[in-house]
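Let me begin by presenting the structure, written as structure tokens, before commenting on it.
The values are calculated or read from the model by the stated rules, or taken from the named source; none is laboratory data. Quick caveat: nothing in here was measured; it's all calculated off a predicted structure. Reconstructed Cβ throughout: ideal geometry from the backbone, glycine too, with neighbour counts over all protein chains shown.
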Amino acid sequence: MSSDSIPEPLPAPSVVPAGSPFRTEPTARDEAPQFVLPLVVHIEKADPPARNDALVTAARAVLTILSDPRSLGEDEGAGEGEWARAMRDWQDARIRKVVRRARGAEWRKACALPGITVTGERAEVRVYPPVPLDGWPKELVKLQVSGTDLEDAEPLAAPDLDGPVLWMSPETAMSAGKAMAQAGHGAQLAWWELSETERKAWREAGFPLSVATPDARHWRELAASGLPVVRDAGFTEVAPGSCTVVADHPALRR
């Protein structure tokens, strides 16, 4: 579906505060050292995961590392976790996520590095503590970013509207890898907006969520609803400022 079907620009989300890593205009954050959150999706040629399963699993992987004790600092009611400094450095700059693919021996080497593997119905995504933009581990830097054009072989079930839903833009074409990163952004925005009690409940439930693509009319309603909206910085694939995901969580519905 082309962008011509939405003649008016989407409203800017009020939930993106000044200084947010998801803003598109230059800020002081751009002067800080840049970090990236690496995600690796397991894709074997003969048995790739479904696209939607990969998106859901990537979003859950981001939530899992955000809530992991190793990522938490003393100001979050815990001792200083071993990943806390890297997580702070990452969240003090642009919130970049890069998804790469691995198979066979590449996947086994990727799994040997410190990180967390999250599994979906069939998808496997491993997420790692943030690394400098130009400082990827050698086991990951050689992995390909391209080749993540996954498909859904079966019609998707309707999302569970009683639970969290990440609504993907029907107007912005993205590779599966790019969409996985955007789903992760959406999950992170929802996480930031929740109270500690709401975060705990979501975590203890295993981070249930759905990923779905609404029609153009519903998308406009969602984007104007006050729910968190991801506006991409435009580093890859999409134009700067593109609205890619609306993060819909029951606790955020007003």
Hey, can you tell me all the residues within segment 97-119 that are touching a residue at least 60 places away in the same chain (Cβ under 8 Å) and over 19 Å from the mean Cα position of the chain (by Cα)? Arg103, Gly104, Trp107, Ala110
By residue number, the members of segment 71-119 that are surrounded by 20 or more Cβ atoms within 10 Å (Cβ to Cβ), small (Gly, Ala, Ser), in contact with a strand residue (DSSP E or B) (Cβ under 9 Å, 6 or more places away or on another chain) and not in a loop (DSSP other than H, G, I, E, B) are Ala102, Ala110
Is there a residue being in contact (Cβ under 8 Å) with a residue 24 or more places away in the chain, within 30 Å of Ala216 (Cα to Cα) and surrounded by fewer than 19 Cβ atoms within 10 Å (Cβ to Cβ) anywhere in segment 120-138? yes
Matching residues, segment 133-160, being touching a strand residue (DSSP E or B) at 6+ places or on another chain (Cβ under 6 Å) and of a type in the set (A, V, I, L, M, F, W, C): Leu133, Leu140, Leu143, Val145
List pairs: first in segment 52-66 and touching a residue at least 24 places away in the same chain (Cβ under 8 Å) and over 20 Å from Glu154 (Cα atoms), second among the aromatic types (Phe, Trp, Tyr) and in a helix (DSSP H, G or I), Cβ under 8 Å, 6+ apart or cross-chain? Leu63/Trp191; Leu63/Trp202; Leu66/Trp191
Members of segment 40-68 that are more than 19 Å from the chain's Cα centre (by Cα) and within 27 Å of Ser210 (Cβ to Cβ): Glu44, Asp47, Pro48
Going by what's in this entry, would Arg94 be described as at pLDDT below 95, under 20 Å from the mean Cα position of the chain (by Cα) and not hydrophobic (A, V, I, L, M, F, W, C)? yes
Quick one: Ala181 ticks every box in (1) small (Gly, Ala, Ser); (2) surrounded by 18 or more Cβ atoms within 10 Å (Cβ to Cβ); (3) without any contact (Cβ under 8 Å) to a residue 40 or more places away in the chain bar one, so which box is it? (3)
Identify, please: which residue in segment 223-251 is assigned to a helix (DSSP H, G or I) and over 18 Å from the mean Cα position of the chain (by Cα) and is, among those, surrounded by the fewest Cβ atoms within 10 Å (Cβ to Cβ)? Pro250
Does any residue of segment 26-38 turn out to be part of a loop (DSSP other than H, G, I, E, B), at pLDDT below 65 and closer than 26 Å to Pro132 by Cβ? yes
For Gly104, the lone unmet condition from (1) at pLDDT 95 or above; (2) of a type in the set (Gly, Ala, Ser); (3) on the phi < 0 side of the Ramachandran plot is (3)
Between a first residue in segment 33-47 that is farther than 18 Å from Leu66 by Cα and a second residue that is of a type in the set (Phe, Trp, Tyr) and surrounded by fewer than 24 Cβ atoms within 10 Å (Cβ to Cβ), which pairs have beta carbons less than 8 Å apart while being 6 or more apart in sequence or on different chains? His42/Trp107
